[in-house]
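The values are calculated or read from the model by the stated rules, or taken from the named source; none is laboratory data. Bear in mind that the values here come from a model prediction, so they are computed numbers and not experimental data. Cβ placement follows ideal geometry from the backbone for every residue including glycine, while neighbour counts extend to all protein chains displayed.
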Number of protein chains: 2
Amino acid sequence: MREIEALWEEARELSLGNSGGVERLDSPPTPLQFLRDFVSPNKPCVISNATRHWPALSSWSHDSYLTRALSSAHVSLHLTPNGRADAAVPINSDDPSTLCFASAHALRMPFPEALNLIVNPHSTNFVAYAQQQNDCFRSEYSALAQDCDAHIPWATDALGCLPEAVNLWVGNHLSETSFHKDHYENLYAVVSGEKHFLLLPPTDVHRMYIRNYPAARYSYSQDTGKFTLESEKPMRCVPWCSVDPYPSPEAKHSAMSRFPLYFNGPKPFECTVKAGEILYL
Amino acid sequence: MREIEALWEEARELSLGNSGGVERLDSPPTPLQFLRDFVSPNKPCVISNATRHWPALSSWSHDSYLTRALSSAHVSLHLTPNGRADAAVPINSDDPSTLCFASAHALRMPFPEALNLIVNPHSTNFVAYAQQQNDCFRSEYSALAQDCDAHIPWATDALGCLPEAVNLWVGNHLSETSFHKDHYENLYAVVSGEKHFLLLPPTDVHRMYIRNYPAARYSYSQDTGKFTLESEKPMRCVPWCSVDPYPSPEAKHSAMSRFPLYFNGPKPFECTVKAGEILYL
C-alpha cells in the first residue's frame, strides 16, 4: 500500500502539480502545445475564451430562443428523485447498506416540455436532465448546429480527427454525476451556467473502491408521483465507484471509515468550468 | 497466457501494424505530425532526408578527416572478445549454461589510436567500440560539433525541450547490442555505414525472459592478448534479457526450446537505418 501512496504523490509531483487545481489557459493553445503539454501527458486543463464567438454563448441563455429553435424536436429526458443517475444508491430506503447501480427513468418528449421540467424543479418531485450520449447534439439537437462550431479546430488538429461524438447535456443545479472514468479524450464546453468537477488521476484508482453493483432502473409513476427502483432481470453487475465525495453530515462519519483511502488521501483536483470555458479531460 | 498473446496481436493491429516493418517518412515531419503520429502512440519510424545538410554526412566517411579533427581528443574505447558488451554471456567457456551480465573492458586513448583499432578488426583479437553514453558528443567529441546541427528542430518542438544527451557511437560490423529497453525518447541518426535494429513493443516484455544475472566485466591483458571475465565484488545482479535473437546454428535448437515465447511469437519489427536516416524509437 505504501508503494501505491507513493505513486499518488509522484503523479502529482511529476505531472499534475500539488496545487489541487487544474491548469488554466487564457486563450486556446496551438495544436502542438495542446498535444504536447496536455494530451500526451494526460493532463487536464481549462481553456478560457475558446468559444466566445459561438452564437450559442448568448442565445442559449434565453429559454425562449431554445424553445423556438427546438419547437418540433423530441429529446430524451432522464428523471431521478435526487439528481443522481448512474450512481450507487440504496436499493430501498429502509436498508441504506445494500446498494445498486441506478439508472434514470428515461422518456422522450418535445423539447419545450422537457426544458420546462428542467428549469422549474420546485414544481416537480423529480430532477430532470436532458441527455442522450450517443452524439445527440448532431441528432436530437441538430436544429442548434449553427449556434456552435462543428468542431474545435486546435483539438481536431492535435488529435488528428474530427469529434467522434458531440453530446449536449441540459440540467439544473440539482444534477450530479458520480465518479466515473471515460475512455475518450473529452472537451467539455460550458455554454450556460457552470459545472463543478472533481478529478482524480488514473493512479488514484484504488481510492475509488470500485465494487460490483446490481443494475437497477428508476421507474417514475405519474399517478403516484413516486419512484421505484427495479432490478434488471436477469441480474447484471456494474463495476462502479462506491465513494460519494459529498456525504450528508449524518453519513460522513461512516463514509470516512469505509473509504479511508479516498477521504484521507490527497485532495481531488477541483475546477469550476464557466460559460465560455472548455475543460479538456 | 492466452490474454497476453492477444495483447501482442492487438498492439500490432491497433498501432504498430502487422507488416513487421517500421513506418518510413521520406522527409522530416512537422512537429505536430511527429508528436501526434509517432511520439504520442509510442510508434517508431524511420525518417529519410533529415540530416542530408549536415557536413558530417560527407566528411565523417573519411578517416583522415576524423583523425585530424580529433587529433588531440581522448575518448573511451570499449573492448570485448566478440562485440557483445552489456549482454548475458557464459561466465566461462566450459559451462555455457551459467551466464553473467558482461560489461566491456573500458579504456581511454587518443581518438586516432581508437579509430585505428576499430577500423582494423582483423589485426586484433578483440572488437573495439568507441562509446561513452554520458552526452559524449558534446564532451569527448566536441571538436565535431560544427559537423551536425546542435539539435533536431522538429523533434525539439514536438518534445518541448532540447536534447538531454547527445551520444556518438563508433563501431564496426562486429559490434552488436543486446535487447534492452531505454527510458528515453531516442532519435538515432546514422552518419556513416548502417545499423540493423530489431524492435519489440513494451507489450512483448514477457518474450524477453528477463532474468537476474551477476554483473561481471571483461579484463583484457595486452601481455597474453586474452580476455578474462571478472565478477563484480560484492555481487550485483542486473535484470537482463536472456534471448539472443541470432543464435549460432548449433545453439538454435536449445534457444528455441528455452525461449519459445520469443521464437514462436510474432516477428520483431526490423529496420535498417542508413547514413542520412534517423530512427525515432
Residue identified as touching an Asp or Glu at 6+ places or on another chain (Cβ under 9 Å) and in a strand (DSSP E or B) among B:106, B:88: B:88
Residue that is within 14 Å of chain A (Cβ to nearest Cβ), surrounded by 14 or more Cβ atoms within 10 Å (Cβ to Cβ) and either closer than 30 Å to residue B:268 by Cα or in contact with a strand residue (DSSP E or B) (Cβ under 6 Å, 6 or more places away or on another chain) (or both), where the choices are B:106, B:155, B:128, B:189: B:155
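One residue is enough: does the stretch B:191-207 have a residue meeting the conditions part of a strand (DSSP E or B), free of Cβ contacts under 8 Å to residues at least 40 places away in the same chain and farther than 21 Å from residue B:129 by Cα?
Looking for residues that are part of a strand (DSSP E or B), free of Cβ contacts under 8 Å to residues at least 40 places away in the same chain and farther than 21 Å from residue B:129 by Cα, one finds none in the stretch B:191-207, hence no.
This table checks each residue for (1) of a type in the set (Phe, Trp, Tyr); (2) farther than 30 Å from residue A:246 by Cα.
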| position | (1), (2) |
| --- | --- |
| A:16 | no, no |
| A:24 | no, no |
| A:28 | no, yes |
| A:38 | yes, no |
| A:61 | no, no |
| A:73 | no, yes |
| A:83 | no, no |
| A:103 | no, no |
Pairs, first within 11 Å of another protein chain (Cβ to nearest Cβ) in the stretch A:34-46, second part of a helix (DSSP H, G or I) and among the charged types (D, E, K, R), C-beta under 8 Å, six or more apart: A:35/B:36
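Among the residues of the stretch B:145-166, write down those that are in a helix (DSSP H, G or I), under 21 Å from residue B:70 (Cβ atoms) and out of contact with any Ser or Thr (no Cβ under 9 Å at 6 or more places or on another chain).
Result: B:145, B:146.
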Number of the exception - residue B:27 against (1) more than 14 Å from chain A (Cβ to nearest Cβ); (2) in contact (Cβ under 8 Å) with a residue 24 or more places away in the chain; (3) assigned to a loop (DSSP other than H, G, I, E, B): (2)
Residue that is surrounded by the fewest Cβ atoms within 10 Å (Cβ to Cβ) [pool: residues in the stretch A:55-73 that are under 22 Å from the mean Cα position of the chain (by Cα) and under 20 Å from residue A:187 (Cα atoms)]: A:57
Selected residue [of a type in the set (Gly, Ala, Ser) and under 15 Å from residue A:281 (Cα atoms)] from A:189, A:130, A:143: A:189
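Residues of the stretch B:170-190 being assigned to a loop (DSSP other than H, G, I, E, B) and of a type in the set (Val, Ile, Thr), which ones? Lay out the reasoning, then the answer.
Let us first name the residues in the stretch B:170-190 that are assigned to a loop (DSSP other than H, G, I, E, B), namely B:171-175, B:178-186, B:190.
Matches in the stretch B:170-190: B:190 only.
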Test: residue in the stretch B:79-91 that is surrounded by fewer than 12 Cβ atoms within 10 Å (Cβ to Cβ), modelled with pLDDT under 95 and either touching a Leu at 6+ places or on another chain (Cβ under 7 Å) or more than 14 Å from chain A (Cβ to nearest Cβ) (or both): no
Conditions (1) more than 14 Å from every other protein chain (Cβ to nearest Cβ); (2) crowded, with 18+ Cβ neighbours inside 10 Å; (3) in a helix (DSSP H, G or I); number of the one not met by residue A:10: (2)
